[in-house]
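The values are calculated or read from the model by the stated rules, or taken from the named source; none is laboratory data. Source: prediction; values computed, not measured. Note: ideal-geometry Cβ built from the backbone for every residue, glycine included; neighbour counts use all protein chains shown. Note: accessible area is taken over every heavy atom of the protein model, side chains too, but ligands, DNA and RNA are not part of it. Shrake-Rupley method; radii C 1.70, N 1.55, O 1.52, S 1.80 Å.
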Amino acid sequence: MTTQQSIVICGGAFAGLALALALRQGLGAEIPIVVADPMLANRPSRDPRATAIVAACRRLFEALGVWDEVAATAQPMLDMVVTDSKLEDATRPVFLTFAGNVQPGEPFAHMVENRYLIEALASRAEAAGVDLRATAVTGNDVRPGGVTVSLADGSTIEASLLVAADGARSKLRERAGIATHGWEYDQSGIVVTVGHERDHQGRAEEHFLPAGPFAILPLTGRRSSLVWTEKRAEAARIVALPDEEFHTELEQRFGLHLGEVKALDKPRAFPLQYFVARSFIAERLTLVGDAAHVIHPIAGQGLNLGLKDVAALAEVVVDAVRLGIDPGQADVLERYQRWRRFDTMAMGFATNTLNVLFSNESTLLRSVRDIGLGLVDRMPPLKNAFIRQAAGLTGEVPRLLKGEAL
Ligand SMILES: Cc1cc2nc3c(=O)[nH]c(=O)nc-3n(C[C@H](O)[C@H](O)[C@H](O)COP(=O)(O)OP(=O)(O)OC[C@H]3O[C@@H](n4cnc5c(N)ncnc54)[C@H](O)[C@@H]3O)c2cc1C
């Protein structure tokens with residue numbers, strides 16, 4: 001391998017930028033790291049959404065020096081309640097509660113607004129010397145010992161490894177002939193930020209309604225981010241409603257426990273799907289983040305899975321380079337795939353099962369799941385195990401997810 005060969009990352013959103021920073025930190029300036037994405041021209045990002053970042057991924061951001069930039073705007077989740085009822089039920093009994101810490105003083109998750117996180121990642125990557133190019137990847141030709149990556153601005157880059165962090169509709173995955181296994185749900189997630197009169201006290205709420213989960217996720221100030229699941233046609237109808245009628249639908253589900261509630265931005269519906277790529281690697285190519293897998297947002301784990309890919313791939317690549325091994329070599333990429341594919345399939349299975357169990361009108365199933373939730377609620381060790389699992393702290397955890405630098 002020649003040391004001039006770059007590592008090129010196609011896609012400069014969460015997964016791509018976090019990987020670039022991790023590689024730069026672990027490899028120094030020895031190997032140029034390039035991130036290409038036309039969206040890099042649109043900085044600062046105006047993405048109005050927010051994401052639940054679990055403890056392990058917060059530790060990764062801390063290790064990458066990004067957490068300090070977003071900490072002031074991040075809302076810790078101090079506890080969580082789960083209810084299970086019909087839309088028209090007068091009350092929503094709480095079946096399960098989780099206290100929010102994985103260890104004293106460390107919440108199991110924070111809500112982070114996407115625009116702050118993307119900007120913090122991009123500016124930190126730039127300052128660290130990552131080569132950010134506001135252009136698309138248009139081609140990749142594998143040749144002996146490397147890959148030639150073509151960009152839409154007409155330039156080419158000689159690389160030892162190309163990383164596809166180009167999202168669910170990854171062209172690189174398609175061009176490599178990697179099939180996916182999965183399906184479309186007949187559900188969309190309506191996302192909207194709301195303001196309310198009373199403080200949420202850092203509480204997250206998951207209301208299981210027959211159409212799917214209605215999640216109220218706390219943001220700083222008297223604001224919350226909603227992920228509200230409905231059948232696709234119903235979601236399209238709801239987001240197109242005039243403001244007053246939308247407000248009625250919102251209030252019916254949100255309730256008045258936090259006082260008057262009001263939408264602060266335009267609600268948007270995201271069609272939901274599930275897939276896992278049949279392979280996370282091809283010759284001189286690896287997939288990370290949504291390019292490799294997309295799961296139901298029922299447990300708020302999609303990006304967190306992607307960040308685990310990032311931490312594992314960065315560790316595998318840095319370890320290889322330190323041993324003088326070509327990071328694009330097949331056995332290096334195999335190590336990454338072995339590490340990540342099983343965990344991804346397990347999370348996909350868990351989120352699909354939760355969705356099947358909870359997104360339906362069956363009275364029998366409702367009784368069974370409510371007994372299950374009640375039992376879990378009475379078993380603190382089991383609850384703690386769930387919290388640690390949800391926080392990404394179980395299994396073979398990559399160093400960055402423990403907060404250790406590479
Ligand atoms: C309703 C909803 C709620 C969610 N809530 C959560 C949550 O609470 N917690 C959580 O962990 N996850 C959540 N997720 C999932 C999360 O949003 C995604 O997993 C995450 O955004 C994926 O990030 P990514 O960087 O892999 O891909 P993306 O964000 O899709 O980025 C891909 C990037 O690649 C670029 N690109 C595409 N093609 C090219 C090309 N040819 N050349 C160069 N660049 C290219 C695009 O411009 C884009 O910037 C949610 C998802 C939905 C739908």
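Looking only at residues of the stretch 282-294 that are open to solvent by 10 Å² or more (accessible area, probe 1.4 Å) and within 8 Å of the ligand (Cβ to nearest atom), we find that the one that is farthest from residue 311 (Cα to Cα) is 294.
Filtering the stretch 4-51 to residues that are assigned to a loop (DSSP other than H, G, I, E, B) and open to solvent by 70 Å² or more (accessible area, probe 1.4 Å) leaves 4, 29, 30, 43, 44, 46, 49. Any idea which of (1) farther than 15 Å from residue 260 by Cβ; (2) not in a strand (DSSP E or B) is the one residue 229 doesn't satisfy? All conditions are met except number (2).
The single condition from (1) within 16 Å of the ligand (Cβ to nearest atom); (2) at pLDDT 95 or above; (3) on the phi < 0 side of the Ramachandran plot that residue 244 fails is (1). Just a yes or no: is a residue in the stretch 52-60 more than 13 Å from the ligand (Cβ to nearest atom) and either of a type outside the set (Val, Ile, Thr) or not assigned by TED's automatic domain parsing to the domain that holds residue 324 (or both)? Yes, the conditions are met somewhere in the stretch 52-60. Would you please name the residue that is nearest to the ligand (Cβ to nearest atom), looking only at residues in the stretch 268-281 that are over 22 Å from residue 145 (Cα atoms) and aliphatic (A, V, I, L, M)? Of everything passing the filter in the stretch 268-281, 272 is nearest to the ligand (Cβ to nearest atom). Taken together, 71, 128, 109 contain a single residue that is surrounded by 19 or more Cβ atoms within 10 Å (Cβ to Cβ) and small (Gly, Ala, Ser), which is 109. Of the residues that make up the stretch 151-170, is at least one assigned to a strand (DSSP E or B), among the acidic types (Asp, Glu) and within 15 Å of the ligand (Cβ to nearest atom)? Among the residues of the stretch 151-170, not one is assigned to a strand (DSSP E or B), among the acidic types (Asp, Glu) and within 15 Å of the ligand (Cβ to nearest atom), which makes the answer no. Of all the numbered requirements in (1) over 26 Å from the mean Cα position of the chain (by Cα); (2) at pLDDT 80 or above; (3) surrounded by 14 or more Cβ atoms within 10 Å (Cβ to Cβ), residue 322 misses one, and that requirement is (3).
When you check residue 190 against the structure, is it surrounded by 15 or more Cβ atoms within 10 Å (Cβ to Cβ), within 14 Å of the ligand (Cβ to nearest atom) and farther than 25 Å from residue 344 by Cα, yes or no? No: the conditions fail for residue 190. Test residue 118 against the criterion of being among the β-branched types (Val, Ile, Thr), in the same structural domain as residue 327 (by TED's automatic domain parsing) and over 27 Å from the mean Cα position of the chain (by Cα), and give yes or no. No.
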